[in-house]
Amino acid sequence: SNERPTILIVARLPQHLLDLLQNNFTCHNLVLDQLSDDQLAVIAPQVRGIAANGEAKVGREFMARFPALEIVSVFGVGYDGVDVPAARERGIHVTHTPDVLTDDVADMAIALMLAVARNVVRADRFARSGEWKNGPFPFTTKVSGARLGIVGLGRIGEAIARRAAGFDMEIAYHNRSRKDVPYTYFGDIKSLAAAVDFLVMITPGGAGTRALVNADVLEALGPKGFLINVARGSVVDETALIAALKAGTIAGAGLDVFENEPNIPAELAAQENVVLTPHMASGTLVTRTAMADLAFNNLQAHFSGKPVITPVPD
Ligand code: NDP
């Protein structure tokens with residue numbers, strides 16, 4: 001076991017991935033073992049790999065504690081917690097798990113859109129509770145044929161567009177750069193918001209997209225517009241969103257991600273015109289298993305002297 005590379009696990013990871021790591025590497029778990037700073041200092045010189053997730057903070061100073069660090073493997077496609085430029089300076093590989101989760105996240109974007117527009121969660125309570133006996137359920141909002149704006153037309157954004165095409169939606173998008181696709185391009189998010197009924201956020205997180213959805217964008221989306229966020233909590237100004245939901249500035253929101261997970265402001269949770277899910281867009285058994293396999297295989301490839309499989313882009 002002396003030749004086994006030492007891996008530091010810095011996030012809550014699924015058991016399947018922990019098993020793969022433990023069966024192949026010498027593992028220390030910062031989360032489960034609650035390592036103190038002193039304990040960490042003892043193992044730090046041995047650490048050659050870090051296993052993280054999309055939320056774990058793997059910053060410059062943290063990585064500086066591990067002089068033998070060679071690779072950070074992120075369980076997730078988003079890697080906004082990792083300081084990639086700092087890793088690059090030291091030649092540390094950073095890998096993530098693109099593609100394997102695309103279908104599930106796109107499915108959840110559509111699920112949230114339908115759930116909030118058709119008021120599915122409220123309707124379920126209405127049916128269960130017997131309220132139905134007092135009269136019919138209030139009218140809801142039609143999704144088929146409506147106008148959809150996708151912010152972040154990448155792997156997942158395009159999968160959302162393909163699904164929305166099946167609902168005969170008019171599809172438009174905003175990216176920093178125009179793509180060769182049959183959808184209408186908007187160079188800024190505010191004019192896209194003004195032109196659609198549903199605005200779906202599916203960009204990466206991090207500094208480049210922080211509060212992309214602010215009070216102005218919500219105002220542009222308007223009282224009949226719905227916001228769907230399956231990207232990162234950081235892309236929406238949550239305070240502005242709560243104000244807009246309360247004032248009826250927008251019609252409603254379907255949210256899988258939040259600014260301060262797992263904490264959701266009580267004011268947001270109290271709103272009737274929202275559907276909230278606990279950052280589970282990629283959370284099917286088959287996909288989380290595929291993500292775990294890929295996160296492990298990146299480490300395994302690297303420590304077998306092979307190129308990593310899915311490095312983060314430049
Ligand atoms: P991609 O890299 O394929 O797509 C990202 C898209 O966002 C690109 O089209 C890019 O286009 C666009 N983009 C980047 N920065 C900006 C910006 N500042 N303004 C507007 N558009 C921008 O990634 P994926 O589709 O695979 O994943 C997208 C994100 O989804 C992940 O990074 C993650 O944050 C989130 N996610 C959430 C999950 C969940 O559980 N809720 C699960 C999986 C992913 P361009 O470069 O031209 O701007």
### Task
Give the residues of the range 70-102 that are farther than 21 Å from GLN300 by Cβ, within 11 Å of the ligand (Cβ to nearest atom) and among the acidic types (Asp, Glu), sorted by residue number.
ASP80
### Query
Only one of VAL84, VAL105, VAL72, VAL100 is at pLDDT 95 or above, farther than 17 Å from LEU17 by Cα and more than 13 Å from the chain's Cα centre (by Cα); which?
VAL84
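Mind telling me which of the residues GLY76, GLY49 ends up being in contact with a His (Cβ under 8 Å, 6 or more places away or on another chain), within 20 Å of GLU261 (Cβ to Cβ) and touching a residue at least 12 places away in the same chain (Cβ under 8 Å)? Spell out how you get there, then give the answer.
Values: GLY49 fails: within 20 Å of GLU261 (Cβ to Cβ).
One residue alone meets the criteria, GLY76.
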### Query
SER36 versus (1) at pLDDT below 95; (2) surrounded by fewer than 20 Cβ atoms within 10 Å (Cβ to Cβ); (3) within 16 Å of the ligand (Cβ to nearest atom): which is the lone unmet condition?
(3)
### Query
Taking the range 257-302 as the search range and keeping residues that are within 16 Å of the ligand (Cβ to nearest atom), of a type in the set (A, V, I, L, M, F, W, C) and assigned to a loop (DSSP other than H, G, I, E, B), which one is surrounded by the fewest Cβ atoms within 10 Å (Cβ to Cβ)?
MET280
### Query
Which one of ALA270, ALA207, ALA240, ALA253 is under 28 Å from GLY49 (Cα atoms) and either under 17 Å from the mean Cα position of the chain (by Cα) or aliphatic (A, V, I, L, M) (or both)?
ALA207
### Message
Here are the criteria: (1) more than 16 Å from the ligand (Cβ to nearest atom); (2) surrounded by fewer than 19 Cβ atoms within 10 Å (Cβ to Cβ); (3) part of a helix (DSSP H, G or I). Tell me which single one ASP107 does not satisfy.
### Response
(1)
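The values are calculated or read from the model by the stated rules, or taken from the named source; none is laboratory data. The shown structure was predicted, so the numbers you read here are calculated from the model rather than taken from an experiment. Cβ atoms come from the backbone with ideal geometry, glycine included; neighbour counts cover every protein chain shown.
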